[in-house]
Amino acid sequence: MSRRAQWCFAGWIFLLVACMTPAWAADAGRLVEKDGKYVFVESMDPATKLLLQRAVKQGTITQEEYDNVVRESQERTYLLQPSFKAWYDRGFNFSMNDNDFFLKIRGRFSFRYTQRYRNEAYRESGDSKNYPELLGVFGDYRAGRSGDQASTFNLRTARIYFMGHLFNPDFKYYVQLAGETAENAQAPGALSVFDMNVTSTHIPWLNVQVGQYKVYFNRSQINSTASMQFASRALAMDAFTANGLNRRDVGITIMNDEEVYPVTYYLGVFNGAGPLVNRFAQFSSEEPTEGCPGGQTGGNPFPSPAGCPTNQRNLNANLRSNVNQLMYVARLQANIMGRAGYGEGDMAYSETPQMVVGGAYAYNPGIDTSTNNAFVGIDLANLSVRRQLAALGNGHMLGQGVVDFSTWTLDYAFKYRGFSLQAEYWFRNVIRQNKELPCMQTAVVGGPCTVFAPGQFGNATGWYVQSGYYLIPRKVEVAARYAYWDPDTHSGGDLIKQVDLSLNWFLSGTYDHQIMVTYSNVAMGQGGFAIGRSAPLPAVGATFPSGTVPLDARAGTLIENAIRVQYQIFF
Amino acid sequence: MSQQCCGFMFQRMALCVALIGLSSSCARLPYTTKVVHEDARVVVVLKQEVKALIYSHPVQLGPAELTDILQGFSFRPKQRMPLRWFAEENPPKPVFRPDELEALTGRLSEGLRAAGPGERVHFELHAPGLNPSLSRDVVGGWVAVRESYLYLTLEYVHVQIPIRKADLYDYNYPTPPPPPSEYLLYFEPGRFWVADQQGVSALDYRAFLNAPKIGASPGP
C-alpha cells in the first residue's frame with residue numbers, strides 16, 4: 001500500500017469514528033445494554049419517570065395513563081434513534097442502517113522471544129536443500145548457515161482486520177493486512193494484503209467465496225495462527241499446502257455451512273501461484289526459434305533439441321507457456337460427533353465428545369521450479385515461484401523443471417472436556433513433465449548430455465500428531481506435538497522430524513489473549529540429491545555456473561533446539 | 001538421522017504423553033445432565049457438580065415465589081484492582097427486568113423440581129445481540145437450594161455471546177463463549193442475605209418468603 005493510500009485510509013477511518021461520536025449515539029440511550037425491544041424499556045428519562053410514578057401514587061393520573069405514556073415514550077425514542085450502533089466486542093463494531101451494513105475492525109499483535117541453539121552442522125554446511133536462500137537477480141542458491149546460538153525478539157504477528165457484511169448479513173467481506181516479518185527474515189517486512197474476499201451465504205448449502213484467502217485444504221492451515229496450541233506451526237504443516245507455494249491463493253470456493261450440515265464440502269478453483277499473483281509470474285526462456293530453449297549468454301542450453309540453431313539472442317524469461325493452468329481443490333469433512341471446528345485444543349471445554357474427520361485433494365499443474373535450460377535452477381526465471389517453494393521448505397524440488405503437484409491429505413480431530421487430539425497425513429505426488437533424468441553436464445555447449453542426475457526426484461509425504469489438555473479449564477493448557485516429513489521419497493537421510501512441547505496460558509479464557517512457551521526440537525537430514533547444490537553440479541565443459549564445490553559437501557543432520565516465548569493479543 | 005537423536009526425541013514424546021496422562025485428573029467443570037427447557041428465549045439445564053456438594057433438591061418453589069426472590073437481587077461487576085476503587089462508586093443494578101422474570105421463573109421452578117441433590121440449575125435468558133446475526137445477549141447463571149439457603153451465581157449479565165462456534169466473518173477463527181464473569185451480588189431486604197455454615201453468601205429464602213411483603217412501586 002502506498003503512503004498516499006495509507007493516509008487516505010487513515011483519514012477514512014478517522015471520519016468514520018468522528019461521525020459516530022458517543023454524544024450522538026448516547027442521546028437515545030440505546031447502547032446501554034440491549035438491542036431490539038429490550039433497549040427501550042430503560043430508555044425513559046429517569047426524572048420524568050419519577051414524576052410520573054409519584055403522579056400515580058398521588059392519584060393525579062391513573063395506572064392506565066401511566067402505562068400509555070411510558071409506551072408512547074418508548075416508541076418515540078425508538079423512532080428518533082439513529083440507525084447505527086457502535087460498540088466493542090472482540091473488535092470495534094459499527095452497525096449501520098439497522099444492521100444492513102456492518103464493520104468490525106480488529107488487530108492482532110504477537111511478540112516473540114526466541115532462544116535458539118543449533119548444532120555444528122548448521123555452521124559447517126547449513127541448509128541448502130529444504131530452505132535454501134535464493135539471492136540476486138539470478139536467484140543463485142545459498143545455504144542457510146548460522147552460529148550455534150541466536151537470541152531474537154520478533155514482531156511475529158502484526159495484523160489489521162476489516163470484516164463485516166454489506167447490504168445484508170449474508171453478503172460478507174473480509175480484509176486482512178499483515179505487516180510482520182518471519183522469524184529468520186533478512187529484510188524488514190512491509191504491509192501486505194493477506195486476505196481480501198467476499199462471501200455469499202444466502203444459500204446455506206451453496207456458500208460462495210471469491211478473492212484471496214487461505215485455501216480450504218488441510219486442517220492445520222485452515223486454522224488461524226491465533227488459535228493454535230504452539231507458538232508456530234510445524235515445518236511439515238507449511239510444506240504441504242494445496243499449491244505447494246503458500247497457504248493462500250486467489251480463486252473461488254463453493255461450500256456448505258460447516259455449522260449447519262454434518263458433512264461439509266469445499267470445492268475450489270485457484271490460480272495456484274500463491275497470493276497477489278497469477279500464472280503470468282511464471283515464465284521460461286526461449287530463443288526466437290519456437291521450441292528452442294534460451295536463457296543464457298554463452299550459447300544454447302543443453303541438451304539442445306535437434307534442429308535448434310546455435311545461440312541466436314540472449315533472451316531470458318520471455319515465454320509464458322502455462323498461463324492456461326489452474327489449481328483444483330476438493331475437501332470433504334464429516335462431523336462424526338458434535339462440531340470440533342478448526343481451532344486447536346478444547347478451549348470451549350466440550351461437554352460432549354467432538355470428533356471430525358476430513359480429507360482433501362489438490363491438483364496444481366505446471367509449477368515451473370526453474371526453466372529447463374543449461375543453468376538448471378539458477379536462471380533468472382521464476383524467482384517468485386522459486387522463493388515461495390524455498391520459503392515453505394520445498395527447496396528439494398527446485399531445478400526440476402515444470403512439475404505437477406498432486407497432493408492428498410487426511411485429518412482427524414477429537415475434543416472432550418479439555419482434552420484434544422489432532423492428526424494429519426499428507427502425500428504429494430510430484431510429476432516431472434520432463435520425464436528423463438535431469439541433465440547435469442555436457443561436454444560442449446548444446447552438446448549431448450554426459451552426466452545425469454543420480455536419480456529421479458521422488459514424492460513427498462509427512463504427518464503429525466498433537467495432543468493437549470487444559471490443566472485449568474479454559475486457562476492453562478499443556479500440549480505436545482510430533483511431526484514427520486520426508487521431502488523426497490527417493491532419497492535417504494533427508495527426513496525432518498520435529499518435537500514440540502508447549503505450556504499455554506490463555507489470560508481471558510479465549511484465544512484472544514495468550515502467553516505461550518514452546519520448546520521445539522527439529523532434526524533435519526541433509527541427505528539426498530538437490531539440483532544445483534549437490535554433486536554433480538551443472539556444467540558445460542569446464543564451466544560450472546553453480547561453482548565446483550557442492551553446498552552439501554559436509555552435510556550432516558541439522559539439529560535445532562529452540563524455546564519460544566510468545567505473547568499475543570487479538571483485540 | 002542418527003539413532004541417538006531418534007531415541008532422544010522418542011523419550012521426549014513419552015514424557016509428553018505421561019505428562020498429559022497425569023494431568024487428566026486435574027480440574028474439571030460441572031457438566032450437563034439434563035435439558036429441562038430450551039427455546040429461543042430461555043434455556044434451563046441441570047448440571048452435575050464435580051465437587052461433593054449436596055443440595056436439598058428437588059425443591060418446590062413456585063414461579064411467584066421465585067419472582068419475589070429474584071427481583072430482590074442486584075449486582076455489580078466484580079472488578080480487579082485498581083478498577084475496583086472506581087467501580088465501587090457505581091450503584092448496583094437489578095439483575096432481572098420484569099419481562100425477564102416472567103420468562104424465566106416458570107422454567108426455573110421446573111428445573112428446581114427436577115434437579116437431584118448433586119445438581120445445580122443453570123439458566124440462560126437470550127435476546128438478540130447488538131449484531132443479531134453474530135451474537136446474542138445473554139443473562140445467565142445458576143441457582144441451587146440447600147436447606148433454607150438459596151444460592152444464586154451470576155455468570156453473564158447482558159453479555160454478547162457468539163451464536164456460532166467459528167467467527168461469522170473470520171471462518172478460520174473459533175469463537176468460544178467468553179468464560180463466566182464474576183459479579184458481586186446484593187439482595188434487598190439485606191437482612192435475608194446471609195452467610196451459610198461455610199461462610200458462602202446465600203439467601204435465607206424461607207425467612208424471606210415468610211416475612212410480610214411491602215407493596216411494590218408501580219411502573220416497570
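The values are calculated or read from the model by the stated rules, or taken from the named source; none is laboratory data. All of these numbers come straight from a predicted model, not from anything done at the bench. A quick note on method: Cβ atoms are made from the backbone with ideal geometry, for glycine too, and the neighbour counts reach across all protein chains shown. The accessibility values were calculated without ligands, DNA or RNA, using every heavy atom of the protein model including side chains. Shrake-Rupley method; radii C 1.70, N 1.55, O 1.52, S 1.80 Å.
Below is a table of values for the structure above.
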quantity: For the stretch A:141-297: rounded, prolate or oblate by the Cα gyration tensor [a/c cutoff 1.5]; calculated: oblate
quantity: Accessible area per residue in Å² at 1.4 Å probe, computed on the stretch B:85-167; calculated: 36 Å²
quantity: Listed residue (A:472, A:388, A:268) projecting farthest to the positive dipole end of chain A, Cβ model; calculated: A:472
quantity: Set of lysines near residue A:497 by C-alpha distance (under 26 Å), chain-local residues within fewer than 8 positions excluded; calculated: A:129, A:214, A:415
quantity: Area accessible to solvent at residue A:202, 1.4 Å probe radius, in Å²; calculated: 100 Å²
quantity: Sum of -39500 (n - 2.57) over DSSP H runs of 4+, divided by residues of chain A (222 nm, nearest 500); calculated: -4000 deg cm²/dmol
quantity: Cα gyration tensor, the stretch A:383-427 - rounded (a/c under 1.5), prolate or oblate; calculated: prolate
quantity: Total formal charge among the other residues, if their Cβ is under 11 angstrom from that of residue A:366, Lys/Arg +1 and Asp/Glu -1; calculated: 0
quantity: DSSP loop GluC sites (Glu not before Pro) with at most 13 other Cβ within 10 Å excluded, longest remaining stretch of chain A; calculated: A:1-289
quantity: Accessible surface of the stretch A:532-571 [probe 1.4 Å, protein heavy atoms]: carbon and sulfur percent; calculated: 63 percent
quantity: Viscosity 1.306 mPa s, 10 °C: Kirkwood-radius Stokes-Einstein D of the stretch A:171-227 over Cα pairs, µm²/s; calculated: 118 µm²/s
quantity: Mean projected area (nm²) of the alpha-carbon convex hull when the stretch B:105-220 is viewed from all directions; calculated: 10.1 nm²
quantity: Counted charge near residue A:165, where neighbours are those whose Cβ lies closer than 11 Å (Asp, Glu -1; Lys, Arg +1); calculated: 0
quantity: Descending semi-axes in Å of the stretch A:235-285, equivalent ellipsoid built from Cα gyration tensor; calculated: 27, 15, 7
quantity: Distance histogram for the stretch B:135-182 (every C-alpha pair counted, 10 angstrom bins, percent rounded to whole numbers); calculated: 25, 36, 24, 11, 4
quantity: Whole-percent carbon and sulfur share, accessible surface of the stretch B:77-218, 1.4 Å; calculated: 55 percent
quantity: Stokes-Einstein translational diffusion, the stretch A:387-500 - Kirkwood Rh over all Cα pairs, 0.692 mPa s, 37 °C, in µm²/s; calculated: 192 µm²/s
quantity: Shielding score for A:499-512, defined as the mean number of other chain Cβ atoms within 10 Å; calculated: 3
quantity: Tail beyond 46 Å, pair distance distribution of chain A (Cα, percent); calculated: 27 percent
quantity: Whole-percent pair-distance distribution, where bins are 10 Å wide, for the alpha carbons of the stretch A:468-537; calculated: 19, 31, 20, 16, 12, 2
quantity: Flagged links, alpha-carbon separation over 27 Å, of A:49/A:104; B:47/B:78; B:34/B:93; calculated: A:49/A:104; B:34/B:93
quantity: Chain A: angle of helix A:46-58 to the longest principal axis, Cα-based, in degrees nearest 10; calculated: 30 degrees
quantity: Average accessible surface area per residue within chain A, 1.4 Å rolling probe, Å²; calculated: 41 Å²
quantity: Selection of trypsin sites (Lys or Arg not before Pro), the stretch A:393-487, meeting DSSP coil and at most 15 other Cβ within 10 Å; calculated: A:435
quantity: Fraction of accessible area attributable to carbon and sulfur, the stretch A:168-209 (%, probe 1.4 Å); calculated: 66 percent
quantity: Cβ-defined net charge surrounding residue B:173, 15 Å radius [Lys, Arg +1; Asp, Glu -1]; calculated: +4
quantity: Two-site label geometry, residue A:83 and residue A:443: point separation in nm, points 7 Å out along Cα→Cβ; calculated: 8.5 nm
quantity: For the stretch A:42-196, convex hull volume per residue from C-alpha positions, Å³; calculated: 203 Å³
quantity: Size of the B/A contact, given as accessible area buried on both chains, probe 1.4 Å, in Å²; calculated: 5800 Å²
quantity: Trypsin sites (Lys or Arg not before Pro) restricted to DSSP loop in the stretch B:29-77 with at most 11 other C-beta within 10 Å; calculated: B:51
quantity: Translational diffusion of the stretch A:136-198, µm² s⁻¹ [Kirkwood Rh, Cα pairs; Stokes-Einstein; 37 °C; 0.692 mPa s]; calculated: 217 µm²/s
